[in-house]
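Notes to accompany the following structure.
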Amino acid sequence: MPDMRRLLIAVAAMTCCLAAAGGASAQCMLVNPSFDMLGSPGTVFAGWSQFGPVALSTSTVHGNYAARVTGPNTGKFDVSGVWQPLPCTPGQRWTASVCVSHSSAKPLSGQSSAILNVEWRDAGGNLISYESHTAADASTPVDVWRIYSVQSQPAPAGTASIHFLLGVLQGPSDPTPQVTFDAATCVGVSPAALDNLQWSDFPSGRAVAFSGRTWRVKGPGYYGPGPNLFDNSSDAVWVDANGRLHLAIHKIGGSWYSSEVALTDSLGYGDYLFTTRGRLDQLDPNVVLGMFLWQYGPCYDPGYLWWNPYNEIDVEFSRWGSAGSADAQFVAQPATNGGNLFRFNATFGDTEVTTHAMRWLPQRVEFRSWRGGPDAESPASLIASWTYTGANLPRPDMPRVHLNLWQLNAPAAAQEAVFDAFAFRPACPSGFCGIVGVLPAPSPSAASVKLAAAAPNPSASGTTLRYTLATSAEADLSIFDISGRRIRRLASGIVGPGEHAVVWNARNDTGQRVPPGVYLVRLRTPDTAETRRVIILE
């Protein structure tokens, strides 16, 4: 379709001109990917440049707002959309995804489609080449959310940045379509995959087993928060004979060392319950005990904190350096944004057991603290509660649980916090949370790659995955949960021609059994990708 190809090249040229005229400048990560932070006059969404009819929608997968893009209705092939620039190096691949929906009132029809484009640009912002992927079209069911994902080709020589674009392509004679986009991702696969970046502050590799899960220990070294010196030894982090986890701040020579652990798994939406023992109200005023979700990003820049790029929510016990201040708080970061912080006072007995919880859902977080264990929640036992529904909800990328005990300034004496237990109760045991997976657009060379249906399927214990390559090729076979997070890589590298079989034992990359639900099996080569659905039973 030559006219449409010329149009897409023209759109790419237009986004270049918008950048030169003062649009978004390249940053190291996708900004405001769930569209919850609204923009200044001239742009609907903070961090996104736009062209054509773009508005906000309150029909969302996550958070309060999504991007509603309407076809430009010019009587020819034309595009409306939103876009952002990201820095890129030659050879780098990108994994991109978006949740997409079109309504029965203004559906995609004829030659119209929802598109996800990756545009390769040189240091001067000039277009080198681009990829255009169909995220939805007339064949896509209406009034439901689908998640579309794709991995780009390697960036060509001379690439200095990409433009990531979400848009609506309207055909010349098609009725005006309207598409809603939400929960976008665009992450560089190389030189360092995002999942590998989660462990830069954990160089020793030490881990402890607590509450049936594996936790990596931070340090040794000088890291945030604070920043502090962190000790990874058994003097700072240990599990006692009763199975309780201890975090300590202690002195080595003339320096105070803090402690932190992080759960190896990213658990997603659900209720996170932390059961503690003892006098959290008597921590030194300069000490912070944190129970929180956090995700390391491609970079750390305080200039990005306005939209909660690191997916952080916290339960914290601290007086923040002032002995007369309240000693506890619930937080959605950034805490400085209005309505993101709830402070309260609590007192505890010497060996009292209390539980502090964050129920993270697509449109809210329900914070609670109560006296007793994880099953003792009731109006009578409640210490404090707060529900957050603002613009800085964490997104279901890969935030993990972190527990830390750290210092604002040197404490007067050594400090210790004790955890009796950690529990997680998934919000979406069926695996859906309102999103259904959709296959990437077929490639002309798709016949060279075939991924057969998994068997048995459904299964409680695992399944066999068979695939065929016509020629030797670099291939990746991975399992994704329904929100698009990779949970298991089964094969990666050069694979010879012919049929291959791999058994997936229903466990993730850390060896833990995955919850029952729907999962996507994706086979990807440089030329194409195929996806199959697998159901894991209890």
Query - All positions within segment 374-395 that are surrounded by fewer than 16 Cβ atoms within 10 Å (Cβ to Cβ) and not polar (S, T, N, Q) - result: Asp375, Ala376, Pro379, Ala380, Leu382
Query raised in the report: Restricting attention to segment 180-206, and to residues there that are more than 18 Å from Arg488 (Cβ to Cβ) and of a type in the set (Gly, Ala, Ser), which single residue is modelled with the lowest pLDDT?
Result: Ala192
Report task. For segment 140-148, state whether one or more residues are surrounded by 24 or more Cβ atoms within 10 Å (Cβ to Cβ), of a type in the set (Lys, Arg) and assigned to a strand (DSSP E or B). Result -> no
Query raised in the report: Is it true that Arg368 is buried (at least 20 other Cβ atoms within 10 Å of the Cβ), without any contact (Cβ under 8 Å) to a residue 40 or more places away in the chain and either of a type in the set (D, E, K, R) or farther than 20 Å from Leu273 by Cα (or both)?
Result: yes
Query raised in the report: Taking strands (runs of 3 or more DSSP E) that do not extend beyond segment 22-109, which have at least 2 residues that are among the hydroxyl-bearing types (Ser, Thr, Tyr)?
Result: 94-102
Report task. Considering only segment 226-280, give the strands (runs of 3 or more DSSP E) lying wholly within it that have at least 2 residues that are touching a Leu at 6+ places or on another chain (Cβ under 9 Å) and modelled with pLDDT of 95 or more. Result -> 237-239, 245-252, 255-263, 270-277
Query raised in the report: If you go through segment 320-343, how many residues are without any contact (Cβ under 8 Å) to a residue 40 or more places away in the chain and in contact with a helix residue (DSSP H, G or I) (Cβ under 9 Å, 6 or more places away or on another chain)?
Result: 1
Query raised in the report: Which members of segment 86-111 meet the condition of being out of contact with any Phe, Trp or Tyr (no Cβ under 9 Å at 6 or more places or on another chain) and buried (at least 24 other Cβ atoms within 10 Å of the Cβ)?
Result: His102, Leu108
Requested in this report: Those residues that are at pLDDT below 95, farther than 17 Å from Gln84 by Cβ and of a type outside the set (Gly, Ala, Ser), I need them from segment 138-171; list them, please.
Outcome: Thr140, Pro141, Val142, Asp143, Val144, Trp145, Arg146, Ile147, Tyr148, Gln151, Gln153, Pro154
Requested in this report: Filter segment 464-484 for residues that are buried (at least 17 other Cβ atoms within 10 Å of the Cβ) and either under 27 Å from the mean Cα position of the chain (by Cα) or on the phi > 0 side of the Ramachandran plot (or both) and give the result.
Outcome: Leu465, Ala475, Asp476, Leu477, Ser478, Ile479, Phe480, Asp481, Ile482, Ser483, Gly484
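Each row is one residue, and each column tells you yes or no for (1) within 29 Å of Ser173 (Cα to Cα); (2) surrounded by 19 or more Cβ atoms within 10 Å (Cβ to Cβ); (3) in the same structural domain as Pro396 (by TED's automatic domain parsing); (4) β-branched (Val, Ile, Thr).
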site: Asp36; (1), (2), (3), (4): no, yes, no, no
site: Pro41; (1), (2), (3), (4): no, no, no, no
site: Ala55; (1), (2), (3), (4): yes, no, no, no
site: Val61; (1), (2), (3), (4): no, yes, no, yes
site: Ala67; (1), (2), (3), (4): yes, yes, no, no
site: Thr70; (1), (2), (3), (4): yes, no, no, yes
site: Asn73; (1), (2), (3), (4): yes, no, no, no
site: Lys76; (1), (2), (3), (4): yes, no, no, no
site: Ser80; (1), (2), (3), (4): yes, yes, no, no
Requested in this report: Test Tyr310 against the stated conditions and say whether it is in contact with a Cys (Cβ under 9 Å, 6 or more places away or on another chain), closer than 18 Å to Ala391 by Cα and either assigned to a strand (DSSP E or B) or not small (Gly, Ala, Ser) (or both).
Outcome: no
Query - Which listed residue, of Pro374, Pro379, is within 27 Å of the chain's Cα centre (by Cα) and either among the basic types (Lys, Arg) or outside any strand (DSSP E or B) (or both) - result: Pro374
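The values are calculated or read from the model by the stated rules, or taken from the named source; none is laboratory data. These figures come from a predicted structure and were not determined experimentally. We place every Cβ from the backbone using ideal geometry, glycine too, and count neighbours over all the protein chains shown.
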